[in-house]
Amino acid sequence: SLFRGLTFLTTVNDLRSLPQEGLEVAFAGRSNAGKSSAINTLADHTRLAFVSKTPGRTQHINYFDFGNERRLVDLPGYGYAEVPASVRAHWEKLLGQYLVSRANLIGLVLIMDSRRPLTELDRRMLDWFRTTGKPVHCLLTKSDKLSRQEQTKILRAVEKEFEDDSLITVQLFSSLKKQGMEITEQIVGGWFSA
Ligand code: GDP
């Protein structure tokens, strides 16, 4: 399977030093939304996405390799409260530039805590990315923290927001319960084989 073969490739500190070759899928989300856990769960590898995770050092971009010139880009979490607002704003702007102008990028996986999806920053990322016409898949993480009823309610609510946007798909995901991996694999795999 696609994610099971994921290996660490490199860390980039600057958007100007991104690799020139290959196709990539980016994982983005608010800090603490569960992005690292989701990558590790999908890869079935407990520490893969923690390799160079240093809270506060927000500008590290980790590249992982699926093989065959296909990459996963782990973008720094945004909205990290401990970082000064001016630094955060600068970084968010760079993130926007990456999302809008990166030719190697074929799709965005947006990680959102299912208890608090679609925050202002999430919406800003989506607005930027919408201009590219590339697909977005939303993972509503930590779904194990919600009851079955709440899970259905939040999934429907987010789906409803995007009902007119065929490029955006949504699913529930739990790293703790290892739920939802098949759908993610199917969607991201589909992007690479499109
Ligand atoms: P990141 O900052 O987006 O990479 O978030 P992390 O993956 O480091 O997760 C942030 C916190 O949420 C950690 O304490 C995780 O243990 C917790 N977490 C992540 N995924 C899940 C999940 O599926 N279920 C539960 N209950 N907790 C989770």
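The condition of being modelled with pLDDT under 95, surrounded by fewer than 16 Cβ atoms within 10 Å (Cβ to Cβ) and either more than 16 Å from the ligand (Cβ to nearest atom) or not aliphatic (A, V, I, L, M) (or both) holds for only one of ARG124, ARG148, that being ARG124.
Residue-wise test of (1) touching a strand residue (DSSP E or B) at 6+ places or on another chain (Cβ under 7 Å); (2) under 18 Å from PHE27 (Cα atoms).
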position	(1), (2)
THR152	no, no
GLU163	no, no
LEU167	yes, yes
LYS177	no, no
GLY180	yes, yes
GLN186	no, yes
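Listed by first and then second residue, the pairs with beta-carbon distance under 9 Å, at least 6 apart or on different chains, first residue in the range 112-126 and closer than 16 Å to TYR80 by Cα, second of a type in the set (Lys, Arg) and not in a loop (DSSP other than H, G, I, E, B), are MET112/ARG30; ASP113/ARG30; ASP113/LYS145; ARG116/ARG30; THR119/ARG30; LEU121/ARG30; ASP122/ARG30.
Yes or no, residue by residue, for (1) under 23 Å from ASP122 (Cβ atoms); (2) among the small types (Gly, Ala, Ser); (3) within 12 Å of the ligand (Cβ to nearest atom); (4) in contact with a helix residue (DSSP H, G or I) (Cβ under 9 Å, 6 or more places away or on another chain):
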| residue | (1), (2), (3), (4) |
| --- | --- |
| GLN20 | no, no, no, no |
| THR41 | yes, no, yes, yes |
| GLN59 | yes, no, no, yes |
| PHE66 | no, no, no, yes |
| SER86 | yes, yes, no, no |
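The sole residue among LEU105, LEU110, LEU118 that is within 13 Å of ALA28 (Cα to Cα) and in contact with a Cys (Cβ under 7 Å, 6 or more places away or on another chain) is LEU110.
The helices (runs of 4 or more DSSP H) found wholly in the range 112-194 and carrying at least 2 residues that are among the polar types (S, T, N, Q) and more than 14 Å from the chain's Cα centre (by Cα) occupy 148-161, 181-193. All but one of (1) in contact (Cβ under 8 Å) with a residue 24 or more places away in the chain; (2) more than 16 Å from the ligand (Cβ to nearest atom); (3) surrounded by 13 or more Cβ atoms within 10 Å (Cβ to Cβ) hold for ASP165; which doesn't? Status for ASP165: all satisfied but (3).
The values are calculated or read from the model by the stated rules, or taken from the named source; none is laboratory data. This structure is a prediction, so every number in the text was calculated from the model and none was measured. In this analysis, Cβ positions are derived from the backbone assuming ideal geometry, glycine residues included, and neighbour counts consider all displayed protein chains.
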